[in-house]
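Structure first, then comments.
The values are calculated or read from the model by the stated rules, or taken from the named source; none is laboratory data. Predicted, not measured: the structure shown is a model, and the values here were computed from it. Heads up, the Cβs are rebuilt from the backbone with ideal geometry, glycines too, and the neighbour counts pull from every protein chain shown. What goes into the accessible areas is simple: the full protein's heavy atoms, side chains included, and nothing from ligands, DNA or RNA. Shrake-Rupley method; radii C 1.70, N 1.55, O 1.52, S 1.80 Å.
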Amino acid sequence: MIAQRTFVLLANIWLHGILENLKMNHKYPLLDGIEYPANLRALDEQQMPAIAHELRAYLLDSVATSGGHFAAGLGAIEITTALHYVFNTPHDRIVWDVGHQCYPHKILTGRKDQITTIRTKDGLAPFPKRDESEYDHFGVGHSSTSISAALGMALASENKRKVVAVIGDGGLTAGLAYEALNHLGDCKADLLVILNDNEMSISPNVGAMTNYLTRMLSSRVLSSMREGSKKLLEPIPTIRELAKRTEEHVKGMIAPGTLFEEMGLNYFGPVDGHDVSGLVKTLQNLKRLDGPRLLHIVTRKGKGYDKAESDPVGYHAVPSFDPSVGIVKSNKKPKITYTNVFSDWICDIAQQDERVVAITPAMREGSGLVEFSKKFPERYIDVAIAEQHAVTLAAGMACENLKPVVAIYSTFLQRAYDQLIHDVAVQNLPVVFAIDRAGVVGPDGQTHAGSFDLSYLRCIPNMVVMAPADENETRRMLYTAYLQDCPTAVRYPRGSGPGAPVHPDMNAVEIGKAKTLREGEGDNNGIAILAFGSPVYDALQAAEELDATVVNMRFVKPIDSALIKKIARQHEYIITVEDNSILGGAGSAVNEVLAQNQNIKVKNLGLPDTYLDHASREELLEQAGLDAQSLLKSILAFVKEKSKSLS
């Protein structure tokens, strides 16, 4: 009897497993049959709503499992489905802007089974990437590039294929987008621009264009006037024509398409961006037209998942989570990040000095300005995705004796390089650049790496460039930058540091002075490690094994030439370490100081002359040879090589 019951129990468990497996296999019956867009196009048009439903569910399940960019993709399900159904991809070109919304695109283009590997080492890239798929027609990561790139493709194709650019209303806050629209309207290329209007980039959008679109879309007056007058005047052609001309003047005051029409584009919309059947019909019609066209669709970031709809900022990028519960904040006390240090410092200094103004190009959350924006709303300026404007705006404020602080990612400061030189440095204006995400960044990959700032900053006259080794030094250097009467930059990495206690007092660092942290002793005291920024603590670990001297260089410009020369007199080997490109970086600055010293043996360690792929920050540092163990191996190998050459 017991054996029989056991058999029945095991059989039930086995049967339950089979049923659950079958259930999972049939969760996405249509999507399972789609490997590439050609499979999608083989389906009936009436099936598109069901496809969109499954695609949204699949995206939710996969991102909940692996984490990644989330809310933007949920809002782009229908337009992604419709585009791949109507256009003959990959022959026809689709160029996405930024790429946060591209997970559904990747799922439909042969990468469905790999989507949970996204943003991990050797997994899918976080954004469209040309060498990953023939369907990724242009690599992106920074905003507002899509129209320019798509226009280039359209002009090159000479009407042999259709080209589409998909840009969010957040992307339209950058000048590059308007430069491209201006050219498109002039050259009359065959290009369809889709404006995905969801009132969001990462943070809520700001600026006149966003306010304009929002105001117009909320008005029902124009629609009701137009439809009513059409019916009334239909029997009277002459009056109807007069009314049509009058309508164009009225539209000039209140319709969202007028700006684009005046730029030479044929405007269509706005239309519901979550009505996939309607989008398919609209795109089929627009595909038959030629010339510059703009389709304005209205979507909701986070569509289909209530928690993401109500908090699109919080669900922009997520860790793995239970969809039935949502993101749950950990009870564990989080480590203090460099961004937290900046956030606390700028609130503290603003409390002391009412001249302090914080400027960000659409990165309030990422740059640590949420608290500042609440405490000092009148001194908080979000210029939207407009890095060039942010820097020149700061320059103008500095001219009027304000103390502007530009909070910006290293990779985004690249977009304002001319303004940094021409508008700030040439005039020697006291603008503070708080540069977050310096060095290797991690899962966001090549487009977001902060690998070049030391190289492109140290060659600019009048600049002071600082690289703190830990959290407390970051606060001290920010205060040091605030005190200067010239352009200053403090660059710090993503995430947390070594855990140095942050002292609340404002305590400056002496400009251009390095600090020796460890004096080498014993037989190996011929080695000195000159470390810049966050690699200092890894250098200290390696130095314990080597019994080497370690110097926290602190300043890349002005560099402590006197200490470097002293170190050179006392040591046989000098190793420079930085989390910046090895070309033209801090190590090069040391080489320049030692150029006349032919006897010293110098080894520069830093980021290689290549683009590191996406992985965790720790994995990338190891790959670049900048973790403690890799530093130790590199230094030992260098000393051994040089010793052999002398024997």
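Tabulated values for the structure
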read-out	value
Elements of type strands (runs of 3 or more DSSP E) in region 391-471, at least 2 residues being open to solvent by less than 10 Å² (accessible area, probe 1.4 Å) and more than 28 Å from ASP609 (Cβ to Cβ)	403-409
Qualifying residues in region 553-569 (those that are surrounded by fewer than 24 Cβ atoms within 10 Å (Cβ to Cβ) and not hydrophobic (A, V, I, L, M, F, W, C)) - the one farthest from the chain's Cα centre (by Cα)	ARG569
Helices (runs of 4 or more DSSP H) contained entirely in region 502-608, each with at least 3 residues that are over 30 Å from LEU483 (Cβ atoms)	536-546, 561-570
When residues of region 112-123 are limited to those that are surrounded by 21 or more Cβ atoms within 10 Å (Cβ to Cβ) and touching a His at 6+ places or on another chain (Cβ under 9 Å), the one modelled with the highest pLDDT	ILE118
Within region 520-543, considering residues that are farther than 16 Å from THR576 by Cα and either surrounded by fewer than 16 Cβ atoms within 10 Å (Cβ to Cβ) or of a type in the set (A, V, I, L, M, F, W, C) (or both), the one modelled with the highest pLDDT	GLU521
Qualifying positions in region 277-304 - open to solvent by 20 Å² or more (accessible area, probe 1.4 Å) and either farther than 27 Å from GLN47 by Cα or of a type in the set (Phe, Trp, Tyr) (or both)	ASP290
Residues satisfying the stated conditions in region 53-85, i.e. more than 16 Å from VAL98 (Cα to Cα), small (Gly, Ala, Ser) and in contact with a helix residue (DSSP H, G or I) (Cβ under 6 Å, 6 or more places away or on another chain)	SER62, SER66, ALA82
Filtered residues of region 595-609 (kept if open to solvent by 60 Å² or more (accessible area, probe 1.4 Å), under 24 Å from LYS644 (Cβ atoms) and modelled with pLDDT of 90 or more)	LYS603
Residue satisfying all of: in region 124-136; in contact with a helix residue (DSSP H, G or I) (Cβ under 7 Å, 6 or more places away or on another chain) and within 21 Å of ARG617 (Cβ to Cβ); surrounded by the fewest Cβ atoms within 10 Å (Cβ to Cβ) among these	LEU124
Unique residue being assigned to a helix (DSSP H, G or I), of a type in the set (A, V, I, L, M, F, W, C) and within 26 Å of LEU43 (Cβ to Cβ) when the list is LEU124, LEU108, LEU151	LEU108
Matching entry among LEU632, LEU626, LEU612, LEU636 (being under 20 Å from the mean Cα position of the chain (by Cα) and either closer than 19 Å to ASP538 by Cα or open to solvent by 20 Å² or more (accessible area, probe 1.4 Å) (or both))	LEU612
Scope region 37-67; condition under 15 Å from VAL86 (Cβ atoms) and buried (at least 17 other Cβ atoms within 10 Å of the Cβ); matching residues	PRO37, LEU40, MET48, ILE51, ALA52
